[in-house]
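Here's the structure, in structure tokens; my notes come after.
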Amino acid sequence: MSKATLTTAAAIGVIGALMTSQARAGSAGGTDAEIALLKKQLQLLEQKLDKLQKQTAANTTAAANANAKAKADVQATVANAAYPVKGPVASADAVVHMTNNRPTICTADEQNCIAITGRVHFDDGGYDYHPSTAATVPQRLDNGVNARRARIGVAGKFLNDWNFALIYDFGGTSDGFGGTGSVGGTAVGFLPGGALSGLENAYLSYTGLKPFGGQLAIEGGVMDVPYTLDEATSSNDILFMERASSNVIATSIAAGDFRSTAGARWFDDRFWVGAYATGPATGAIHSASSINPPGTTEQFGAVARVAGQLVSTKEYSLHLGANAEWLIKPPHNLIANTQTLTLSDRPELRIDPTSLISTGAIAGVSGAQVYSAEAAGTIGSLYVQGEYYWYNVDRGFIGLPSLNFQGGYAQAGYILTGETRAYNPASASYGGVAPANPFSWTGGGWGAWEIAGRFSTMDLNDQLGAATGIAGGRQNVYTAALNWYVNRNVRFMLNYLHGDVAKQISATNAGNADSKFDAVAMRTQFAF
């Protein structure tokens, strides 16, 4: 029963009670005054009842209007949930990541990303150098510092399957002038070491195809060609400050950093295969008719690599591989009508850019080939790696016999703090060390510590005693290293080197031009 009905019933009950009281008063012989008073009270009650009924009707109407409004508000809320009203709304167009402290911006669907990347390797060191005779070249090596690498650039992807990088290297501050010039019409040329600063990466890679259950990358531009195990390992992760001379000489022919290239690689979790056509490195003079400075036609070459992790467990692993490199079309100077190739390297340290072993400019080169084998593996915190190279230089351009050289290295590292090097299937190489407890003065972590040793040999002698032979010298280098991985981005390296160089004055002059050296160097490295 409603509140209005109850109120009306109560009023009727009061009127009935008054009428009963009036009747009783009449039967008792009450006076006219009492009857008049009762009538007046009844009239007042009737007025109150009428007023109460009007108020009840008004309250009922107001309640109905309120219910209607509430229902309309609910319907509007549901409608607005499907069709938002216009106005400022929070947007999720991009997200920011800081994986390994590399600033990366991606679209919300992670299909498009761009990241800032960079690395600095700053070296400081000196030599104790001993030439055997006055005929030894050089007679001294200089101590000092060197910004070995100073790279900055961007890398990323768009539409998920297209990957790119654009990176410039400002390093090589002591490695020679960045160009050639002339004084009085005489060419000056490069200082020892040549020019290293320049465009290091500018490539595009497509990874949308996934045949045979693996990943296919089709790529081209200027890039670090993934040829040989040591070159496939990032310079941020190598055991020593410099790669072995045998590797450096091999990659300088038609691979390595700063190289124009196009090719493809396929890989899965265990196996890797790739092949690339290569051209000149950045900085080459693209004019075969240039006289001062001298220029050449663009060279053409190719590389191929097959590798895989044949054994992979939590306790140990084994990696094997093979490589081939071809210099198919050597650079040709049209003015002098020459085709030359120089094989040389510094003593596995770049503080002084002078090479201790060098073939000089080999004349009449019509092509060159390098074949190599690689092996690596882990047993817990122990890591071992080695490669051996066989070089062949054809001199058919002037009808001379081919030259043969060889070299290789073996190295091992042990992480004292218990970490291990993880395998990277995309490059078929082992990565760096990620400290389990990064250094923190307040947190108690001391990073990761690693000791390492290497023996390296390179022989650039062939056909000694013949007028057309080469006496480039043989170099053996022993290196010990202590590496401190402060965190994922910072590493300090301390290297000690001892080297012996056996070299005669020329292919037909067996005069002594040997030398020995000891060197100590330190690298401060940070990368993101």
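The values are calculated or read from the model by the stated rules, or taken from the named source; none is laboratory data. All values derive from a computational prediction rather than experimental measurement. Cβ coordinates were reconstructed from backbone atoms using ideal geometry, including for glycine residues, and neighbour counts include every protein chain displayed. Areas reflect the complete protein model, heavy atoms only, side chains present, ligands, DNA and RNA absent. Shrake-Rupley method; radii C 1.70, N 1.55, O 1.52, S 1.80 Å.
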Scope the stretch 472-499; condition hydrophobic (A, V, I, L, M, F, W, C) and within 25 Å of the chain's Cα centre (by Cα); matching residues = 481, 482, 484, 486, 490, 492, 493, 494
query = Going by the structure shown, is residue 439 more than 18 Å from residue 505 (Cα to Cα), among the aromatic types (Phe, Trp, Tyr) and outside any loop (DSSP other than H, G, I, E, B)?
reply = no
request  = Can you give me the ranges of the strands (runs of 3 or more DSSP E) entirely in the stretch 85-185 with at least 2 residues that are of a type in the set (Asp, Glu), open to solvent by 50 Å² or more (accessible area, probe 1.4 Å) and at pLDDT 95 or above?
outcome  = 113-131
request  = Go over the candidates 283, 321 one by one and state the one that is of a type in the set (Gly, Ala, Ser), touching an Asp or Glu at 6+ places or on another chain (Cβ under 7 Å), in contact (Cβ under 8 Å) with a residue 24 or more places away in the chain and over 22 Å from residue 364 (Cα atoms).
outcome  = 321
query = Taking the stated definitions as given, is residue 480 in contact with a Lys or Arg (Cβ under 9 Å, 6 or more places away or on another chain) and open to solvent by 40 Å² or more (accessible area, probe 1.4 Å)?
reply = yes
request  = Check the stretch 397-409 and report whether any residue there is in contact with a Ser or Thr (Cβ under 7 Å, 6 or more places away or on another chain), within 14 Å of residue 237 (Cβ to Cβ) and buried (at least 18 other Cβ atoms within 10 Å of the Cβ).
outcome  = no
request  = Would you be able to say whether some residue in the stretch 491-504 is modelled with pLDDT of 95 or more, open to solvent by 20 Å² or more (accessible area, probe 1.4 Å) and out of contact with any strand residue (DSSP E or B) (no Cβ under 7 Å at 6 or more places or on another chain)?
outcome  = no
query = Among the residues of the stretch 196-210, which ones are modelled with pLDDT of 95 or more and open to solvent by 40 Å² or more (accessible area, probe 1.4 Å)?
reply = 203, 204, 206, 209, 210
inquiry  = Scan the stretch 453-469 and tell me whether some residue there is of a type in the set (Phe, Trp, Tyr), open to solvent by 20 Å² or more (accessible area, probe 1.4 Å) and farther than 28 Å from residue 318 by Cβ.
reply    = no
ask   = What are the residue pairs meeting all of these: first residue in the stretch 293-308, first residue open to solvent by less than 10 Å² (accessible area, probe 1.4 Å), second residue modelled with pLDDT under 95 and assigned to a strand (DSSP E or B), Cβ atoms under 8 Å, and 6 or more apart or on different chains?
value = 295/333
request  = Select from the stretch 333-362 the residues that are part of a loop (DSSP other than H, G, I, E, B), open to solvent by 10 Å² or more (accessible area, probe 1.4 Å) and either among the hydroxyl-bearing types (Ser, Thr, Tyr) or at pLDDT 95 or above (or both) and list them in ascending order.
outcome  = 339, 340, 354, 355
request  = Kindly check whether there is at least one residue in the stretch 311-323 that is open to solvent by 10 Å² or more (accessible area, probe 1.4 Å) and under 16 Å from residue 395 (Cα atoms).
outcome  = no
inquiry  = I'd like to verify a number: residues in the stretch 105-134 that are among the acidic types (Asp, Glu) and closer than 21 Å to residue 517 by Cβ, how many?
reply    = 3
message = Checking the structure you have, find out if any residue of the stretch 430-444 is open to solvent by less than 20 Å² (accessible area, probe 1.4 Å) and closer than 23 Å to residue 360 by Cα.
response = no
